[in-house]
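The structure appears below as structure tokens.
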Amino acid sequence: MKSGIIDIFLDAFGWVLGKTGLFALAILTGIALGALGLWAGTMSGIGTFGFRADKPILEHITWVGAILPQVLLMFWAGMLFVRSEAVGAKHWGQVVAAQALLLVFCCADAMPEGLLPRMIAWSIVAVGIAGMAAGLRWLAGWVQRRGEAHLAHLEEENALRREELKEKYGTVSVGARELGIL
């Protein structure tokens, strides 16, 4: 039980700040994964990374066109991620994947010419997303197994308590399994 209004406010602000921190971590992880793919693709090709234009202003406009979708994704995903109470590890992984894929998609034209750099960039991002998804599935399974073990422990304690009450007072009580709830 909370001791006062200050504890309630601290919990609420901590919850919002924690979700905001997880969202920022998702964005940074997605950017890092996409940047790793772009870097590896650039290193495998001949040339440098950057949009090529005959006038400098066109190059700057192209950079803005590549960065603007990233900002819109961050804003949209941030609103959903931070405001929702049902966001979990699956949603975190979706934000990471969307950020990485969008970064590679928007900046693919800045890579050196040729098919090999683009294939390497997309392959690295795909492998990174697959690895992250496998890690998140493992985490979800671990949380599920931990919850099941805790529930089994509570069921054992409740059964012992029912036996103790039966011996002490002669009352018969039933658990959730006997009632058909679990």
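Just to check your reading of the model, which residue among Gly88, Gly128 is under 30 Å from Ile67 (Cα atoms), in contact with a helix residue (DSSP H, G or I) (Cβ under 9 Å, 6 or more places away or on another chain), small (Gly, Ala, Ser) and touching a residue at least 60 places away in the same chain (Cβ under 8 Å)?
Numbers: Gly88 fails: touching a residue at least 60 places away in the same chain (Cβ under 8 Å).
The match here is Gly128.
Where helices (runs of 4 or more DSSP H) sit wholly within region 70-182, those with at least 2 residues that are in contact with a Leu (Cβ under 8 Å, 6 or more places away or on another chain), among the small types (Gly, Ala, Ser) and within 30 Å of Phe13 (Cβ to Cβ) occupy 89-107. The numbered conditions (1) of a type outside the set (Gly, Ala, Ser); (2) surrounded by fewer than 20 Cβ atoms within 10 Å (Cβ to Cβ); (3) in contact with a helix residue (DSSP H, G or I) (Cβ under 7 Å, 6 or more places away or on another chain); (4) under 28 Å from Gly47 (Cα atoms) are all true for Leu103 except (2).
Within region 72-86, count every residue that is within 27 Å of Ile124 (Cα to Cα) and modelled with pLDDT of 80 or more. First the steps, then the outcome.
The first filter runs over region 72-86 and keeps only residues within 27 Å of Ile124 (Cα to Cα), leaving 72-78, 81.
With the extra rule that they be modelled with pLDDT of 80 or more, the set shrinks to 72-78.
Summing the residues that are within 27 Å of Ile124 (Cα to Cα) and modelled with pLDDT of 80 or more in region 72-86 gives 7.
Of a type outside the set (Lys, Arg) and over 29 Å from Ala134 (Cβ atoms): does that describe Val64? For Val64, the condition - of a type outside the set (Lys, Arg) and over 29 Å from Ala134 (Cβ atoms) - is met. Against the test of being small (Gly, Ala, Ser), surrounded by 15 or more Cβ atoms within 10 Å (Cβ to Cβ), modelled with pLDDT under 90 and over 27 Å from Trp142 (Cα atoms), the options Ala53, Ala110 yield a single qualifying residue, Ala110.
Scanning for something surrounded by 15 or more Cβ atoms within 10 Å (Cβ to Cβ), more than 16 Å from the chain's Cα centre (by Cα) and in contact (Cβ under 8 Å) with a residue 24 or more places away in the chain, does region 5-23 turn up at least one residue? Walk me through it before giving the result.
If we filter region 5-23 for residues that are surrounded by 15 or more Cβ atoms within 10 Å (Cβ to Cβ), which is where we start, we get 19, 22-23.
With more than 16 Å from the chain's Cα centre (by Cα) added as a condition, the list becomes none.
Checked region 5-23: no residue is surrounded by 15 or more Cβ atoms within 10 Å (Cβ to Cβ), more than 16 Å from the chain's Cα centre (by Cα) and in contact (Cβ under 8 Å) with a residue 24 or more places away in the chain.
Scanning region 1-31 for residues that are in a helix (DSSP H, G or I), farther than 20 Å from Ala86 by Cβ and in contact with a helix residue (DSSP H, G or I) (Cβ under 8 Å, 6 or more places away or on another chain) yields Thr29, Gly30, Ile31.
The values are calculated or read from the model by the stated rules, or taken from the named source; none is laboratory data. Computed from a prediction, not measured in an experiment: that's the story for all the values here. Glycine also receives a Cβ, built like all others from the backbone with ideal geometry; neighbour counts cover every protein chain displayed.
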